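The structure appears below as structure tokens.
The values are calculated or read from the model by the stated rules, or taken from the named source; none is laboratory data. No experiment lies behind these values; they were computed from the predicted model shown. Using ideal geometry, Cβ is built from the backbone for each residue, glycine included, and neighbour counts are taken over all protein chains shown.
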Amino acid sequence: MELNLGGKLAVVTGASKGIGLAITEHLVDAGAHVVAGSRTRGPRLEALGSGGNVTFVPVDLMTGEGATALVAAAAQLGGVDILVNNAGAVTPRPGGFLTVTDEDWNASWSLGVMAAVRTTRAAIPEMLRRGGGAIVTIGSVNAFYPDPGIPDYCAVKAAVTNLTKSLSKELGPQGIRANSVSPGPVSTDLWMGAGGVAEVLGTASGASPQEVADGAVAGTPTGRFTTPDEVADLVLFLASDRAANITGADMTIDGGFITTI
Ligand SMILES: NC(=O)c1ccc[n+]([C@@H]2O[C@H](COP(=O)([O-])OP(=O)(O)OC[C@H]3O[C@@H](n4cnc5c(N)ncnc54)[C@H](OP(=O)(O)O)[C@@H]3O)[C@@H](O)[C@H]2O)c1
């Protein structure tokens, strides 16, 4: 399917690795220019940038200045057609709710919600300048699959998914679509890397990281993690004009992890 993304200007947050890097790679492959934001660049994003279709902006999106600087770089290039709010992190709380401090909650909210709020706020005028645009925000199945091991993450993901629906209602008449994607477990550092979910839960339970990961998808219909490339394919479709009448939607990509309708 031709997505007609050639020449589009995209902003991707959390582009240095994992899902955000895959989205950036796919957008570049499709002929878009990506303004890529994260605190570090990483070798794969650096290599991708050598082709001239990536503008890397080192930003900490837990700060207000981060979002402003990222979108300002896109504005210099002509504006924003596509915004992918992807940056995020999860901290497993094996000690439960009582161990999650105010500082923990504020940090989760800052990265999980305010980064998307501020980046979207900055991007909307740049989209209107281009005559419209598409926003895709990466939520999680945890938005509607609460997990006591990550209560702050679940609440934050519910918030950004809810916000996406509000945005779709306000911005639709101005030619801006807003959708969210809710992945189940995806094979990235967030899950499988050092200090990731598998390692932390494994340390707490005495299991190996691989045993924790295997257990997370055991018995699910496909029996495996989603790959970052599979999430990227869905995001590119939603960002493209092929999805011109899809807005306010939340798309689950989880190999059947969620068993209810
Ligand atoms: N993996 C999963 O199973 C899964 C499932 C559902 C939803 N998600 C969501 O998908 C998104 C991407 O997750 P992932 O699995 O790809 O994680 P990842 O591999 O850990 O990548 C996270 C990205 O976010 C960036 N980031 C983190 N903190 C940042 C900050 N303060 N400022 C700017 N950038 C920051 C990181 O870059 P730097 O470290 O260089 O800043 C990195 O590029 C997140 O929103 C996550 O909640 C993931």
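What to note about this one:
- Qualifying residue in region 155-169 (condition: outside any strand (DSSP E or B), in contact (Cβ under 8 Å) with a residue 24 or more places away in the chain, under 14 Å from Ile82 (Cβ atoms) and in the same structural domain as Thr91 (by TED's automatic domain parsing)): no
- Among (1) surrounded by 21 or more Cβ atoms within 10 Å (Cβ to Cβ); (2) assigned to a helix (DSSP H, G or I), the one test that Ala178 misses: (2)
- Subset of region 123-150 (residues that are in a loop (DSSP other than H, G, I, E, B) and farther than 21 Å from Ile261 by Cα): Arg130, Gly131, Gly132, Pro148, Gly149, Ile150
- Residue ID - nearest to Trp105 (Cα to Cα), chosen from residues in region 133-152 that are surrounded by fewer than 23 Cβ atoms within 10 Å (Cβ to Cβ) and in contact (Cβ under 8 Å) with a residue 60 or more places away in the chain: Asp152
- Qualifying position, being more than 30 Å from Ala198 (Cβ to Cβ), more than 13 Å from the ligand (Cβ to nearest atom) and at pLDDT 95 or above, among Leu27, Leu98, Leu3: Leu3
- Residue satisfying condition, being touching an Asp or Glu at 6+ places or on another chain (Cβ under 8 Å) and either at pLDDT 95 or above or within 15 Å of the ligand (Cβ to nearest atom) (or both), within set Gly255, Gly196: Gly196
- Qualifying residues in region 66-98 (those that are β-branched (Val, Ile, Thr) and closer than 11 Å to Asp152 by Cβ) - the one surrounded by the most Cβ atoms within 10 Å (Cβ to Cβ): Val90
- Region 132-186 - residue that is among the charged types (D, E, K, R) and within 16 Å of the ligand (Cβ to nearest atom) and, of those, nearest to Glu230 (Cα to Cα): Lys157
- Among the conditions (1) out of contact with any His (no Cβ under 8 Å at 6 or more places or on another chain); (2) within 22 Å of Ser240 (Cα to Cα), Leu77 misses just one, which is (1).
- Within region 30-47, the set of residues being among the aliphatic types (A, V, I, L, M) and either within 13 Å of the ligand (Cβ to nearest atom) or under 19 Å from Gln76 (Cα atoms) (or both) comprises Ala32, Val34, Val35, Ala36, Leu45.
- Within region 43-55, the presence of a residue that is surrounded by fewer than 24 Cβ atoms within 10 Å (Cβ to Cβ), part of a loop (DSSP other than H, G, I, E, B) and of a type in the set (Lys, Arg) is excluded.
- Listed by first and then second residue, the pairs with beta-carbon distance under 6 Å, at least 6 apart or on different chains, first residue in region 88-100 and outside any helix (DSSP H, G or I), second away from the ligand (no atom under 16 Å from the Cβ) and of a type in the set (S, T, N, Q), are Arg93/Thr99.
- Here Trp191 meets each of (1) surrounded by fewer than 22 Cβ atoms within 10 Å (Cβ to Cβ); (2) in the same structural domain as Thr91 (by TED's automatic domain parsing) with one exception, condition (2).
- Within region 54-70, residues that are more than 8 Å from the ligand (Cβ to nearest atom) have Cβ atoms under 6 Å from residues that are of a type in the set (Val, Ile, Thr) and outside any strand (DSSP E or B) in these pairs: Ala67/Thr119; Ala69/Val59; Leu70/Val59, counting only partners at least 6 apart in sequence or on another chain.
- Qualifying helices (runs of 4 or more DSSP H) (wholly inside region 189-261; at least 3 residues being within 30 Å of Pro173 (Cα to Cα) and of a type in the set (A, V, I, L, M, F, W, C)): 228-239
- Which numbered condition Ala89 fails, given (1) farther than 24 Å from Gly6 by Cα; (2) more than 13 Å from the ligand (Cβ to nearest atom): (2)
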